[in-house]
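Have a look at the structure below before the remarks.
We did not get these values from a lab; they are worked out from the coordinates using the rules stated. Owing to the predicted nature of the structure, the values given are computational and were not obtained by experimental measurement. Positions of Cβ are generated from backbone atoms using ideal geometry, with glycine treated the same way; all protein chains shown enter the neighbour counts.
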Amino acid sequence: MTAAKVSSYFCPTRVLLGVGSHLRIVDALQQFVARRVLVVVDEALRSGAFYAGLREALVNAGCELLEFSEISPDPGAASVEKACSLNAGFRADLLLAVGGGSSIDVAKAVGILATNGGRIHDYEGIEKFQIAPLPLIAVPTTAGTGSEVSGSCVITDDASGRKMSIRHAALNPARVAILDPLALQTLPAHVAAHAGIDAFVHAFESFLSLQANLVTDAMNLQAIELISGSIRQFVANRANLDAGHRMLVGSCIAGMTFGQTGLGNVHCIARFLGAQFHLSHGLANALCLPHVAGFNLPANPDKYARVARAMERRVDGLPVLEAAAQAVDAIESLCRDLGVPARLRDAGVQAQALEQIARSSFEADYSRWNPRHTTVEDFRQILAQAF
Ligand SMILES: [Fe+2]
């Protein structure tokens, strides 16, 4: 970004954070008229102590609850429509999402349809709805997507399998996000690792984006430091509340920035790789991260040196290119330590798919944001190296 370029920063979400913060949900209720609450809750959490605490706090505050749990990992429009018809007779005045990015995204979509009508397909794209959705309180139970504060939700078109991105920076973030590390304790280790790397990639790609500004830079460096400094401890023990807290805050900060700066080639390639080989979003990102990080380095060595410093590498006094290379090295060891397969083929990717993935990645035009201009031949080489 040049000094002359005008940009902005905006986040409309109130964030409540810390161990036990979910029991303070009643504080957050005071800013809403909340009598009937539609809860979109991950099925696996429904019988646990964490959700029981939230539920009790809401019931004691006089709220009537209706629960919806039919949410798949890449939630489809049919799931959203089912929740909407359930809500038609209930007429919620507030939404609560308790779960990972899928639960939060379904709740966002329900909120849009409740006030704007129509089908979710009608709102694919940027600022396609104008009426504020139902207010949403989001309680993320993974540290990964940042969906609680980002302006987007992703819903799959069931017929074609296409992922529809519905974006509105002002109206689509949750009104309140509650970041409580108690919510993360029951996460499986591999989910914690892959979601955590996704959060790291949000901060890393947003920091390097051509649309970054000095506000997002400050936030992303802090997110990189929080996530890279705590992810190993967190994956090793999800009941480590200090590490979980740092992961949730890092993921949330990255969610506040990447919607405004755009992402880069990691997310670009991972999008097509994940769809074709049914890899989770986090794993697909993790597989691409070290290779894209190496490719993008020449575009902005100064920023890479700052990433290396944020990842606790000793780079003072080093020539800038050597300091920058330390960032790639730190990223490689992060992925290795977290058990990410070293090669795409180790994760089930097949060689004959790579040509189409290279073409699709080029056509997706992430060169709008990615720091290094990337040709279709570049994508071929990145994929061949990763394979
Ligand atoms: Fe992501």
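Please enumerate the residues belonging to the range 255-278 that are outside any helix (DSSP H, G or I) and within 9 Å of the ligand (Cβ to nearest atom). Once the filter is applied, which keeps residues that are outside any helix (DSSP H, G or I) and within 9 Å of the ligand (Cβ to nearest atom), the range 255-278 yields only Leu263. Among the residues of the range 166-187, the ones that are surrounded by fewer than 24 Cβ atoms within 10 Å (Cβ to Cβ) and assigned to a strand (DSSP E or B) come to 2 in all. Within the range 13-39, the set of residues being surrounded by fewer than 15 Cβ atoms within 10 Å (Cβ to Cβ) and in contact with an Asp or Glu (Cβ under 8 Å, 6 or more places away or on another chain) comprises Leu17, Val19, Gly20, Val33, Arg35. Each residue in the range 112-148 was checked for being in a helix (DSSP H, G or I) and surrounded by fewer than 20 Cβ atoms within 10 Å (Cβ to Cβ), and 4 of them qualify. Residue selection: Val106 fails the criterion of being away from the ligand (no atom under 16 Å from the Cβ), assigned to a strand (DSSP E or B) and touching a residue at least 24 places away in the same chain (Cβ under 8 Å).
For the range 77-89, the criterion of a residue being of a type outside the set (Phe, Trp, Tyr) and part of a loop (DSSP other than H, G, I, E, B) is satisfied by no position.
Give the range 343-376 a look and list any residue that's within 23 Å of the chain's Cα centre (by Cα) and of a type in the set (Gly, Ala, Ser), or say none. Answer for the range 343-376, where residues must be within 23 Å of the chain's Cα centre (by Cα) and of a type in the set (Gly, Ala, Ser): Ala347, Ser360, Ser361, Ala364, Ser367. Considering the conditions (1) loosely packed, with under 15 Cβ neighbours inside 10 Å; (2) touching a Gly at 6+ places or on another chain (Cβ under 8 Å); (3) charged (D, E, K, R), Asp42 is excluded by exactly one of them, (1).
For the range 45-64, residues that are loosely packed, with under 12 Cβ neighbours inside 10 Å and in a helix (DSSP H, G or I) total 3.
Of all residues in the range 195-209, none satisfies being away from the ligand (no atom under 14 Å from the Cβ) and among the charged types (D, E, K, R).
Residues in the range 340-381 that are in contact with a helix residue (DSSP H, G or I) (Cβ under 8 Å, 6 or more places away or on another chain), without any contact (Cβ under 8 Å) to a residue 24 or more places away in the chain and buried (at least 17 other Cβ atoms within 10 Å of the Cβ): Phe362 only.
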